[in-house]
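This report concerns only the one structure given below.
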Amino acid sequence: MARFQDVLLLLGQLNYTWTNTESLLIHMIAGLAVSDKETAIVIFLTLNTPRARIDLVERLAKMQKTPPQCRAEVLDATKRLSEEARLRNKYNHCIYSFDPDSGRGITQSMRIFEGRDDIKYGKIEELDDREVERIRQSIRTLVKINQNFWRITEKYGFPR
């Protein structure tokens, strides 16, 4: 059970770190759209998926009025955030099973994978030490992305 508790704590940390970092897109929206923070919050909350929020920030960054260096920095940060979204999404859309005797854990995906002629669902994966390390690494990466968004906010004078 200790392993189960450790994994749950780690997944909570992953979700906290993700949510905290994703919320910094508010500052990117406010700065790139030349808006105030309150308006950017309304826009952020109106878009109901992380993908939609990231898409908006990327599109704003690609506008001609955005200085090239700022564009490059924002796009690099959103690209890295999108890459981390895969792992976070995996663990938010699965069922967990832990064997109390062995401590072995598995995840079962709650997604449908559609092929040309069939569908598959419920992909089962081991929640082993290697996978736990991937979660830890994702948390470390999200912390760096978070710091980068703050650096961009400061550097370009985006609303705080």
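Every number in this text was worked out from the coordinates using simple rules, so none of it is lab data. None of these values were measured; they are calculated from a predicted model. Because the Cβ atoms are built from the backbone with ideal geometry, glycine has one as well, and the counts that use them run over all protein chains shown.
Only alpha carbons enter this Debye calculation for segment 8-47, each as an equal point scatterer, and the log10 of I(q)/I(0) it gives at q = 0.18, 0.23, 0.31 Å⁻¹ is -0.52, -0.68, -0.93. Find how many whole Å separate the alpha carbon centroid of segment 8-52 from the alpha carbon centroid of segment 84-133. Using only Cα atoms, the two centres lie 26 Å from each other. For the chain, the fraction of C-alpha pairs farther apart than 22 angstrom is 50 percent.
Global size of segment 87-150: 15.2, 47 Å for Rg and Dmax (C-alpha atoms, Rg to one decimal, Dmax whole).
Across segment 1-94, C-alpha contacts under 8 Å between residues 6 or more apart give a mean separation that, scaled by the residue count, equals a relative contact order of 25 percent. Of the options Ile106, Thr66, Ile95, report the single residue whose Cα projects farthest towards the positive end of the charge dipole of segment 62-121 (beta-carbon charges: Lys, Arg +1; Asp, Glu -1). Sorting the options by dipole projection puts first Thr66. Dimensions of segment 1-94 from C-alpha coordinates, computed as largest minus smallest value along each principal axis and given longest first, are 54, 25, 17 Å.
With contacts taken as Cα pairs under 8 Å and at least 6 residues apart, the chain reaches a relative contact order of 32 percent. Among Tyr16, Tyr121, Tyr96, the largest mean-square fluctuation in a Gaussian network model of the chain (Cα springs under 10 Å) belongs to Tyr121.
From helices alone, the chain scores -21500 deg cm²/dmol at 222 nm; the rule is -39500 (n - 2.57) for each run of n ≥ 4 DSSP H residues, then divide by the residue total.
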